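First comes the structure, then the notes that go with it.
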Amino acid sequence: MISTFANPARFMAFSAWATPIFGALAAVLFVVGLPWAFQFSPADYQQGETVRIMYVHVPAAWMSLIAYATMGGASFVSLVWRHALADVAARAAAPIGATFAAICLITGSIWGAPTWGTWWEWDGRLTSMLVLFLIYLGYIALWTAVDDEEKAGRFAAILCLVGLINLPIIKFSVDWWSTLHQRSIFQGSSMSVDPSMVGPLMTMFGAYAALFAALLLVSMRAAINRRRVEAQRLRSAQ
Amino acid sequence: MSALSATFKRDLALAWSAGGGALAPVGYFFGATTLVPLAMGAERALLAAAGPPLVWIAAALAILAMLERLFQADIEDGSLEQMLLSPASLEMIVLVKGAALWVAVGLPLALASAPAAIALQAPLHLIPAIVASVALGSAAFIGMGLVGAAIAAGVKRAGVLIALIVLPFFAPPIIFGAAVAAGAGFGGPFLILAGCAAASIAIGPIAAAAALRLHAE
């Protein structure tokens, strides 16, 4: 599996048809999920209509974590097997994950203003998401700071794995530190939101996930094409 | 073993001799803690409530300021190649360099945190716990700092990059260390802080050594 996609030519062939499929899937799920979330799902008995921010906010939080996990997996592959494509994947996932984290922070802030009465609270979950966002920024900055792209990829992979080990520690420490945010939606086997909200929430999550996959593939294709153009230029300059 | 003890002595000598020695980070630390009451106002009750944990911010910044040159000189003058050739593993050498930094900077900072915390109206019975916690916390900072310093060595504007990389990882020690300073003393947060220090001492040298090997290629 890993070695199959390590070949850029094979990856380009695969992503040429996978990218539009993921893009179309994301579009369909958004077309279903957005009206479902914003119009046809019930308002909350306590929060009223503001609960609808959840459908934008919660999947963004999940996806920012999934994007980091993707980067962690790609970084591991890059360090152990030195697949160039894994570096490309990790680099491409970072700005997308950072954007999801930013969406999560911004919508959380908008959600917090009417329900908690504050735009920002130094609470465990908010703070750990903010720290994750900062880790993303450091990671992206590292890629741009090192000139040699291959070296930059391996430095970034080391940083990403150290971050992967540290994320649970950071999460645990800020949870211990202070907490206002509601608990996770998943409580044991049951979910703490009303069953009528699970459908639109999961649809939106699917839409975000498909969007992430499509954007990741587009960004990876762009990076590979850029490398090819650069290689061609070097050849023609000789 | 001699390679490790030689590295320790060399790094300690370098840290004590160059640029004001151990006095420079301690002076930095006192400067930063002096700014706290200037910014907050010198009212006793307010300082007693918010001041002591700010000792931790100053200590973190003082350590951060020491990281930029940690591996830079070794790469420039060829010491890194010698370290790679030495029979001792690079991970152990990095660990020893971190230990030397801790002795040269971390311990003086821990001692300096006593007068700084007293000046910021910390209750006297907390002072032993604050000193011990800053000693542990600086070990945690240095452990994570090794990674940032190793990655950013030789990069343009390394200082800013190190801060950006390392500061998010300072969150756990800051949280538990500030809890010690805010009144928890030698209780649970102190023990978790010790765990943070142990974890970052275990992870830091391995990741830092991996990054240094890349520099040598």
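Select from segment B:191-201 the residues that are touching a Phe, Trp or Tyr at 6+ places or on another chain (Cβ under 8 Å) and open to solvent by 40 Å² or more (accessible area, probe 1.4 Å) and list them in ascending order. Scanning segment B:191-201 gives a single hit, B:Ile192.
Residues checked against (1) open to solvent by 40 Å² or more (accessible area, probe 1.4 Å); (2) more than 17 Å from the chain's Cα centre (by Cα):
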position: B:Leu95; (1), (2): yes, no
position: B:Leu101; (1), (2): no, no
position: B:Pro115; (1), (2): yes, yes
position: B:Ile127; (1), (2): no, yes
position: B:Ala150; (1), (2): no, no
position: B:Val166; (1), (2): no, no
position: B:Pro173; (1), (2): no, no
position: B:Gly183; (1), (2): yes, yes
position: B:Ile203; (1), (2): no, no
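Scanning segment A:199-238 for residues that are touching a Pro at 6+ places or on another chain (Cβ under 6 Å) and of a type in the set (A, V, I, L, M, F, W, C), we see that the one that is nearest to A:Ile53 (Cα to Cα) is A:Met204. Of the residues making up segment B:154-193, just one is within 30 Å of A:Trp143 (Cα to Cα) and more than 11 Å from chain A (Cβ to nearest Cβ), namely B:Gly159.
In the set B:Ala122, B:Ala112, only one residue is in contact (Cβ under 8 Å) with a residue 12 or more places away in the chain, more than 24 Å from B:Ser5 (Cα to Cα), aliphatic (A, V, I, L, M) and in a loop (DSSP other than H, G, I, E, B); that residue is B:Ala122. In this entry, A:Asp147 passes the filter for residues that are out of contact with any Leu (no Cβ under 8 Å at 6 or more places or on another chain), modelled with pLDDT of 75 or more, under 30 Å from B:Pro205 (Cβ atoms) and within 13 Å of chain B (Cβ to nearest Cβ).
Of the residues making up segment A:94-138, those that are open to solvent by 30 Å² or more (accessible area, probe 1.4 Å) and within 13 Å of chain B (Cβ to nearest Cβ) are A:Trp122, A:Leu130, A:Phe133, A:Leu134, A:Leu137. So if I check each of B:Ala210, B:Ala216, which one is facing another protein chain (nearest Cβ under 7 Å) and open to solvent by 10 Å² or more (accessible area, probe 1.4 Å)? Selected residue: B:Ala210, the only one of B:Ala210, B:Ala216 that is facing another protein chain (nearest Cβ under 7 Å) and open to solvent by 10 Å² or more (accessible area, probe 1.4 Å). Reported count of residues in segment A:159-169, each being in contact (Cβ under 8 Å) with a residue 40 or more places away in the chain, surrounded by fewer than 23 Cβ atoms within 10 Å (Cβ to Cβ) and either at the interface with another protein chain (Cβ under 9 Å from one of its Cβ atoms) or among the hydroxyl-bearing types (Ser, Thr, Tyr) (or both), is 1. Scanning segment B:125-153 for residues that are more than 11 Å from chain A (Cβ to nearest Cβ) and closer than 19 Å to B:Ala112 by Cα yields a count of 17.
In segment B:193-217, the residues that are basic (Lys, Arg) reach residues that are open to solvent by less than 40 Å² (accessible area, probe 1.4 Å) with C-beta atoms within less than 9 angstrom, at least six apart or across chains, in these pairs: B:Arg213/B:Leu90. Taking B:Ser113 as the residue in question, decide whether it is at pLDDT 90 or above and closer than 20 Å to B:Phe176 by Cβ. No: the conditions fail for B:Ser113.
The values are calculated or read from the model by the stated rules, or taken from the named source; none is laboratory data. None of the values given here were measured: they were computed from a predicted structure. Because the Cβ atoms are built from the backbone with ideal geometry, glycine has one as well, and the counts that use them run over all protein chains shown. Just so you know, the surface numbers come from the protein's heavy atoms only, side chains and all, with ligands and any DNA or RNA stripped out. Shrake-Rupley method; radii C 1.70, N 1.55, O 1.52, S 1.80 Å.
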